[in-house]
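Novice: Take a look at this one; I'll ask things after.
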Amino acid sequence: MTKTFHIRTYGCQMNERDSEALACMLRECGYRQVMAEEEADILLFNTCSVREQAERKVFGKVGILKKLKRRRPDIIIGVIGCMAQNYGRKILDELPHVDLVVGTDRMHLLPEILQDVCTGQRGQVHTEPGTEVLGKLRGHEPGRVSAFISVMRGCNQFCTYCIVPYVRGREKSRPLPDIVREVEEVVAQGAREIFLLGQNVTAYGLAELRDQGEYRPDVSPFADLLLAVNEVEGVERIRFTSPHPRFMNQAFIESITTLPKVCESLHVPLQSGSDRILKAMRRGYTSEDFMACIQAIRERQPEFTFTTDVIVGFPGETPEDFEATRRVMDAAGFEMAYIFKYSPRSGTKAAEMADDVPRALKEERNQILLQDLERRSAAGNDVYIGRTVEVLAEGPSKRNVERWAGRTRTNKVCIFPPAKSIQVGDLVQVHIERATPNSLFGEVL
Ligand code: 5AD
Ligand code: SF4
């Protein structure tokens, strides 16, 4: 009988991407994917280690499956991804009912590993580091308008708060022709928007150049990649995440502001607006450097919208440091941000510093930033009222299936009435009539 599987994903878009590829690989091997956890013979948890809270959630979630396992001993439970890479065998010590632990660098081997588990070899742990996964974990959801493509993995930055370089290892980029070939494949399957993914996409190809002794600070292999993807016929839009401000040089800025398919929206992590904190985080830029990048982009392309990641409550963050963050966020005009309350990760430099901002104060700062964002996004969305914008139709809206949703090039969600003449993947012109802090509403012209 065909075995069914269910994948639950935690964390970043890279994990979403890995889960999608994994699901495609497993379906090709004859397993059937189910959306309901209760119907699955195989339960996989693709995990995240960036914050302690995310890890605790998984330990809790997988922990309570012990009962299910007692009732249905045949069920297969797997912990995969960052926590698997981070803890390896320790996961089995804590959760002995888990059948397999597969780290980020071994994910492409999951079909083979599952086969062994199905024939009784339970309790497998695979966490050997390696780079083959980059080209081998492949597969896309057919018919999807947006395709996520992994261009590099790992991180060499060692920001003092971050566990990623320890868990995911050093930066490694895929060769440009491989990426372009994958872009052509997904376009043939119906994708119109290409989302390039990496822990630090602006460092794409740099480690390889360094190894060959050909690194220069003014080159940007990522800009070359954008140019190559821009040339692929059938691609309508290009987006990417996340760039590191340190590598946003002239070549990169020229490329994103001039290539016609690169969308006018940029997610660029600020982390803090205080130069003292940025230094303690070892981010490699000042608030002035950061703003200079934003201004350079804005001067060339005033339409650009910006979003960011910010950490509140980093060790030693004073009220003045926090106000500096608010000021820079305001100057950059961020309308959306992922705000993280600092949590120490063992093994990192910052974990040796005192986590001295009380939890309540972290929460208070979080709330203040959220209010700032809401104010700015309401004002930012109001600007669209009365304008006509290009929207990529994605299909029925999640909240109300009677309406359709899509995004503008500036990454604003736009809701419009469906029409027979509009298909998923079409670019439509929408006249905006009303706006909320979260969405634009309009009529199709
Ligand atoms: N505590 C809080 N937030 C963190 N991030 C990374 N490490 C930590 C930590 N120890 C945030 C950063 C990063 C995002 C993915 O997670 O803002 O950009
Ligand atoms: Fe972590 Fe910094 Fe690398 Fe981003 S750039 S993954 S925050 S170490």
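The values are calculated or read from the model by the stated rules, or taken from the named source; none is laboratory data. None of these values were measured; they are calculated from a predicted model. Cβ atoms come from the backbone with ideal geometry, glycine included; neighbour counts cover every protein chain shown.
Novice: For residue 117, state whether it is β-branched (Val, Ile, Thr) and away from ligand 1 (no atom under 16 Å from the Cβ).
Specialist: yes
Novice: Sticking with this one: Failed condition for residue 234, given (1) more than 22 Å from residue 177 (Cα to Cα); (2) in contact (Cβ under 8 Å) with a residue 12 or more places away in the chain, with all others met?
Specialist: Tallying (1) more than 22 Å from residue 177 (Cα to Cα); (2) in contact (Cβ under 8 Å) with a residue 12 or more places away in the chain, residue 234 fails exactly one: (1).
Novice: In segment 187-205, is there at least one residue being touching a Lys or Arg at 6+ places or on another chain (Cβ under 6 Å), within 16 Å of ligand 2 (Cβ to nearest atom) and in the same structural domain as residue 145 (by TED's automatic domain parsing)?
Specialist: Yes, there is a match, as at least one residue in segment 187-205 is touching a Lys or Arg at 6+ places or on another chain (Cβ under 6 Å), within 16 Å of ligand 2 (Cβ to nearest atom) and in the same structural domain as residue 145 (by TED's automatic domain parsing).
Novice: Filter segment 289-320 down to residues that are at pLDDT below 95 and either within 16 Å of ligand 2 (Cβ to nearest atom) or basic (Lys, Arg) (or both), then give me how many there are.
Specialist: 0
Novice: Scan segment 86-104 and give yes if some residue there is of a type in the set (Lys, Arg) and either more than 16 Å from residue 43 (Cα to Cα) or touching a helix residue (DSSP H, G or I) at 6+ places or on another chain (Cβ under 7 Å) (or both), otherwise no.
Specialist: yes
Novice: Just the residues that are surrounded by fewer than 17 Cβ atoms within 10 Å (Cβ to Cβ) and either within 16 Å of ligand 1 (Cβ to nearest atom) or in a loop (DSSP other than H, G, I, E, B) (or both), please, taken from segment 190-212.
Specialist: Matches in segment 190-212: 190, 212.
Novice: While we're on this one: In segment 252-287, which residue that is assigned to a helix (DSSP H, G or I) and without any contact (Cβ under 8 Å) to a residue 12 or more places away in the chain is nearest to ligand 2 (Cβ to nearest atom)?
Specialist: Across segment 252-287, the extreme among qualifying residues is 278.
Novice: Quick one: count up the residues across segment 326-356 that are within 16 Å of ligand 2 (Cβ to nearest atom), without any contact (Cβ under 8 Å) to a residue 60 or more places away in the chain and of a type in the set (Val, Ile, Thr).
Specialist: Residues meeting the conditions: 1.
Novice: Shifting gears a bit: For the list (1) away from ligand 1 (no atom under 16 Å from the Cβ); (2) among the hydroxyl-bearing types (Ser, Thr, Tyr); (3) within 27 Å of residue 279 (Cα to Cα); (4) more than 19 Å from the chain's Cα centre (by Cα), I need the number of the one condition that residue 255 fails.
Specialist: It fails just one condition, (3).
Novice: Next up: Within the set of pairs 6 or more residues apart or between chains, which connect a residue that is in a loop (DSSP other than H, G, I, E, B) inside segment 294-307 to a residue that is of a type in the set (A, V, I, L, M) with Cβ atoms less than 9 Å apart?
Specialist: 301/256; 304/256; 304/266; 304/294; 304/297
Novice: Can I ask one more? Give segment 276-290 a look and list any residue that's surrounded by fewer than 20 Cβ atoms within 10 Å (Cβ to Cβ) and out of contact with any helix residue (DSSP H, G or I) (no Cβ under 6 Å at 6 or more places or on another chain), or say none.
Specialist: Within segment 276-290, 276, 279, 282, 288, 289 meet the criteria.
Novice: Filter segment 123-148 for residues that are within 29 Å of residue 76 (Cα to Cα), under 17 Å from the mean Cα position of the chain (by Cα) and of a type in the set (A, V, I, L, M) and give the result.
Specialist: Passing the criteria: 134, 137.
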